[in-house]
């Protein structure tokens, strides 16, 4: 831990698209992802909507993972890992709502736990369910790639005390409370016009903008914002690939040759591994 001057660093985008079914979340996310990356082969969709993403395969040769129930947080995390390990640069989660309210999602998981372990007390069961959901949220926030989440929304209503009638007060994400505020940008799509407006925007690109249609150019604007500042410094992984590595490093360490810096540039080696080689 050290106090240091705040500096602008390059970042990966975390963007949520919220809308009811039929508003155009999937297509909007794909167009935005292409503008952000510029290469369809580096885009993946984690599809919980019965393969609906493939209906847009005419746009380009992007990748899909067909995620089926149970929609546990761990299933989403595994799918994200598969995409990252495959070299994807932008992942679209369509939809994040199933992780919360779908079959095997957090609400159903919690009810099952409550019945099995807490005598029906769902409040107590959240002590086990919440960490699982939080692990999914942190996976989204900390992944080393751009992530766009598509989230279903529904009309939120309240009872008007004066008229005793139900009144519409807006739209609500079908996810845990506060989901949209975890993101860098949260956009709401209108079902009728397919126009987007920002409910949260840390980039300053959309918060004062008029309603707009999402295109590839939207993704290009986001890319420019993400690439401002200094590139993040990533830890150099320790690689132990071949016997050649062991023999070369062992010889260099024992003879104190000047080849050690060159070997360490080729293969990073930790102090613990050095000690094992010299043992």
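The values are calculated or read from the model by the stated rules, or taken from the named source; none is laboratory data. Just so we're clear, the structure is a prediction, and the values are computed from it rather than from any experiment. Glycine gets a Cβ as well: all are built from the backbone with ideal geometry, and neighbour counts include every protein chain shown.
Out of all the residues in segment 6-29, which are surrounded by fewer than 20 Cβ atoms within 10 Å (Cβ to Cβ), over 18 Å from residue 175 (Cα atoms) and in contact with a helix residue (DSSP H, G or I) (Cβ under 8 Å, 6 or more places away or on another chain)?
10, 11, 12, 27
Identify all residues within segment 201-219 that are buried (at least 18 other Cβ atoms within 10 Å of the Cβ) and either part of a helix (DSSP H, G or I) or in contact with a helix residue (DSSP H, G or I) (Cβ under 6 Å, 6 or more places away or on another chain) (or both); write none if there are none.
203, 214, 218, 219
In this structure, is residue 19 touching a strand residue (DSSP E or B) at 6+ places or on another chain (Cβ under 7 Å), at pLDDT 95 or above, under 21 Å from residue 150 (Cβ atoms) and assigned by TED's automatic domain parsing to the domain that holds residue 177?
no
Just checking: which of the helices (runs of 4 or more DSSP H) contained wholly in segment 1-104 hold 2 or more residues that are under 21 Å from residue 202 (Cα atoms)?
25-37
Closer than 22 Å to residue 231 by Cα, modelled with pLDDT of 95 or more and touching a helix residue (DSSP H, G or I) at 6+ places or on another chain (Cβ under 9 Å), is that true of residue 69?
no
Mind checking whether some residue in segment 183-190 is in contact with a helix residue (DSSP H, G or I) (Cβ under 6 Å, 6 or more places away or on another chain), at pLDDT 90 or above and under 27 Å from residue 7 (Cα atoms)?
Yes.
Among the residues of segment 92-111, are any over 16 Å from the mean Cα position of the chain (by Cα), assigned by TED's automatic domain parsing to the domain that holds residue 181 and under 23 Å from residue 185 (Cα atoms)? Steps first, answer last, please.
Quick first cut of segment 92-111, residues over 16 Å from the mean Cα position of the chain (by Cα) only: 101-111.
After this cut, where a residue has to be assigned by TED's automatic domain parsing to the domain that holds residue 181 as well, the list is 101-111.
Now narrow it down to the ones that are under 23 Å from residue 185 (Cα atoms): 101.
Checking segment 92-111: at least one residue is over 16 Å from the mean Cα position of the chain (by Cα), assigned by TED's automatic domain parsing to the domain that holds residue 181 and under 23 Å from residue 185 (Cα atoms).
Given the criteria over 25 Å from residue 185 (Cβ atoms), modelled with pLDDT of 95 or more and surrounded by 12 or more Cβ atoms within 10 Å (Cβ to Cβ), does residue 135 qualify?
no
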